[in-house]
Amino acid sequence: MSKTLIRGAKVLGGEVQDVLIDGETIVQVGSGLSDEGAEVVEADGKVLLPGLVDLHTHLREPGREDSETVLTGTRAAASGGYTAVFAMANTFPVADTAGVVEQVYRLGKESGYCDVQPIGAVTVGLEGKKLAELGAMHDSAAGVKVFSDDGKCVDDAVIMRRALEYVKAFGGVVAQHAQEPRLTEGAQMNEGVVSAELGLGGWPAVAEESIIARDVLLAEHVGSRVHICHLSTAGSVEIVRWAKSRGIDVTAEVTPHHLLLTDELVRSYNPVYKVNPPLRTEKDVLALREALADGTIDIVATDHAPHPHEDKDCEWAAAAMGMVGLETALSVVQQTMVETGLLDWAGVAERMSAKPAAIGRLEGHGRPIAVGEPANLTLLDAAYRGQVDPAGFASRSRNTPYEGRELPGRVTHTFLRGRATVVDGKLA
Ligand code: DOR
Ligand code: ZN
Ligand code: ZN
């Protein structure tokens, strides 16, 4: 079994320590540890975090391998410091059967770069009409516990109720893409001052907020657990805060892009900024940051949504929605949450590793950096400053809104159960 000594790392951004890995496990944490028989990684005061966990990744396989594959997506994940990702179900075919989720699970195992936990669709074909075989997906080798029609909203209240009832039996969760479809017909961007000036179809905040309000009440009624994907408005934060104060079993995520970018960017008509839910206003961005800091929003999830350039390099109205995010997420969180003083690194670890693993009931991830725990670790050079260059991405797609932007921090090493998947900033 191989040994690795990570020497002189600021564990969770705090005390400088050495961490000794033997095989797949952390076997010692302390100062002045012996490096005998171990390969040494000089951390030089870099920040050591538990391997990141993304509850919301689009890996595109099967069916859209021109955008991403499980292999390229997990390489992108490892580059960004992730050791596990949950793969969304809006593939072709849709991941609505045991067969498809098992296929994605197997491809993840073969990739070796990070663990892949498939998400199952709530409804057959994401059509919102008929419940998919949730039990069969749960009982399959993939052991699905998170279900989502993401990309589409489960807008039928009866179907949503049945899904919440069904997953309750095995401690599963329904992850809702909250978008009232009738209120967003023809919508191209956030509804507000900018959409009015540009004459683009507006996407009102109430389209998101009305579904969240309904779903937290349904979760309360059923006594089940609901997770809200990509909160994007200040009003959504208020509803989730109210629901939590009432004891409703709701969790929520925010994406890095909704923590940083606003709808002012749409004035450029550059489709790289086209995303669902849309970029909102400064007021929303500030409310989301505060809610992530105070725990109203539980986690950061990337909504990594790769698209090939044919689907993005076109006029605004025709462009696909979504942006890649795995390789820039930690940097954006550093800029918006750590460098603003809203979160320390322990708080980041909780929101990007421990809590997403807990919400998705994923074992072996999101664990403390302590003796006996699996060595899933990320080493971050937080002092680094550099411009984002999509040419260097491991993802098959390049649709990042941050091209040329200076962002702080760089992942130099990622360890998946003791094996380095990233060394000195390069995939191993
Ligand atoms: O922007 C988005 N892209 N939002 C979604 O809900 C789906 C995703 C995709 O699959 O491209
Ligand atoms: Zn979504
Ligand atoms: Zn998504």
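Does region 157-166 contain any residue that is within 16 Å of ligand 2 (Cβ to nearest atom), part of a loop (DSSP other than H, G, I, E, B) and not small (G, A, S)? No, region 157-166 contains no residue that is within 16 Å of ligand 2 (Cβ to nearest atom), part of a loop (DSSP other than H, G, I, E, B) and not small (G, A, S).
Reported count of residues in region 167-177, each being away from ligand 2 (no atom under 16 Å from the Cβ) and closer than 17 Å to A358 by Cα, is 5.
When T233 is tested against (1) within 16 Å of ligand 2 (Cβ to nearest atom); (2) closer than 26 Å to K168 by Cβ; (3) of a type outside the set (D, E), exactly one condition is not met: (2). Residues that are at pLDDT 95 or above, farther than 30 Å from D44 by Cα, surrounded by 24 or more Cβ atoms within 10 Å (Cβ to Cβ) and within 16 Å of ligand 2 (Cβ to nearest atom) occur at least once in region 288-302.
Within the span defined as region 241-255, one or more residues are surrounded by 22 or more Cβ atoms within 10 Å (Cβ to Cβ), over 19 Å from L55 (Cα atoms) and away from ligand 2 (no atom under 16 Å from the Cβ).
What are the residue pairs meeting all of these: first residue in region 127-154, first residue touching a residue at least 24 places away in the same chain (Cβ under 8 Å), second residue charged (D, E, K, R) and more than 16 Å from ligand 2 (Cβ to nearest atom), Cβ atoms under 7 Å, and 6 or more apart or on different chains? Pairs found: G128/D156; L131/R162; A132/D96; H138/K145; S140/E102; A141/E102; A142/E102; K145/R361.
From the list R64, R60, the one residue that fits, being within 14 Å of ligand 1 (Cβ to nearest atom), at pLDDT 95 or above, at negative phi and of a type outside the set (F, W, Y), is R64.
Restricted to region 272-286, and to residues there that are assigned to a helix (DSSP H, G or I) and either closer than 8 Å to M321 by Cα or of a type in the set (A, V, I, L, M) (or both), the residue that is nearest to ligand 1 (Cβ to nearest atom) is V272. Restricting region 312-350 to residues that are surrounded by fewer than 24 Cβ atoms within 10 Å (Cβ to Cβ) and charged (D, E, K, R), the residue that is nearest to ligand 3 (Cβ to nearest atom) is K312.
The residues of region 34-69 that are of a type in the set (A, V, I, L, M), under 15 Å from K10 (Cα atoms) and over 20 Å from the mean Cα position of the chain (by Cα), listed by number, are V41, A43, V47.
Taking the listed residues V116, V104, V94, the one that is assigned to a helix (DSSP H, G or I), within 16 Å of ligand 3 (Cβ to nearest atom) and either touching a helix residue (DSSP H, G or I) at 6+ places or on another chain (Cβ under 7 Å) or among the acidic types (D, E) (or both) is V104, with no other qualifying. Answer yes if at least one residue in region 355-368 is on the phi > 0 side of the Ramachandran plot and buried (at least 24 other Cβ atoms within 10 Å of the Cβ), and no otherwise. Scanning region 355-368, I find at least one residue that is on the phi > 0 side of the Ramachandran plot and buried (at least 24 other Cβ atoms within 10 Å of the Cβ), so the answer is yes.
The residues of region 219-235 that are away from ligand 3 (no atom under 16 Å from the Cβ) and under 15 Å from L292 (Cα atoms), listed by number, are T233, A234, G235.
Within region 355-379, if we keep just the residues that are in contact with a His (Cβ under 9 Å, 6 or more places away or on another chain) and assigned to a helix (DSSP H, G or I), the residue that is farthest from E253 (Cα to Cα) turns out to be A357. In this structure, is L265 at pLDDT 95 or above, touching a Phe, Trp or Tyr at 6+ places or on another chain (Cβ under 9 Å) and in a helix (DSSP H, G or I)? Here the answer is yes, as L265 does meet what is asked.
None of E209, E197, E185 is under 21 Å from V300 (Cα atoms) and charged (D, E, K, R) except E209.
Residues in region 50-71 that are more than 24 Å from D381 (Cβ to Cβ) and either among the hydroxyl-bearing types (S, T, Y) or buried (at least 24 other Cβ atoms within 10 Å of the Cβ) (or both): L55, H56, H58, L59, R60, S67, E68, T69, V70.
Of the strands (runs of 3 or more DSSP E) entirely within region 7-90, none holds at least 3 residues that are free of Cβ contacts under 8 Å to residues at least 12 places away in the same chain. S245 passes every criterion in (1) out of contact with any Lys or Arg (no Cβ under 6 Å at 6 or more places or on another chain); (2) within 16 Å of ligand 1 (Cβ to nearest atom); (3) among the polar types (S, T, N, Q) apart from (2).
When the test is whether a residue is part of a helix (DSSP H, G or I) and within 23 Å of the chain's Cα centre (by Cα), L183 does not pass it. In region 307-324, the condition of being outside any helix (DSSP H, G or I), farther than 23 Å from L198 by Cβ, free of Cβ contacts under 8 Å to residues at least 12 places away in the same chain and over 16 Å from the mean Cα position of the chain (by Cα) is met by no residue.
The values are calculated or read from the model by the stated rules, or taken from the named source; none is laboratory data. From a predicted model like this one, the values you see are computed outputs, not experimental measurements. Every residue, glycine as well, gets a Cβ built from its backbone with ideal geometry; the counts of neighbours run over all protein chains shown.
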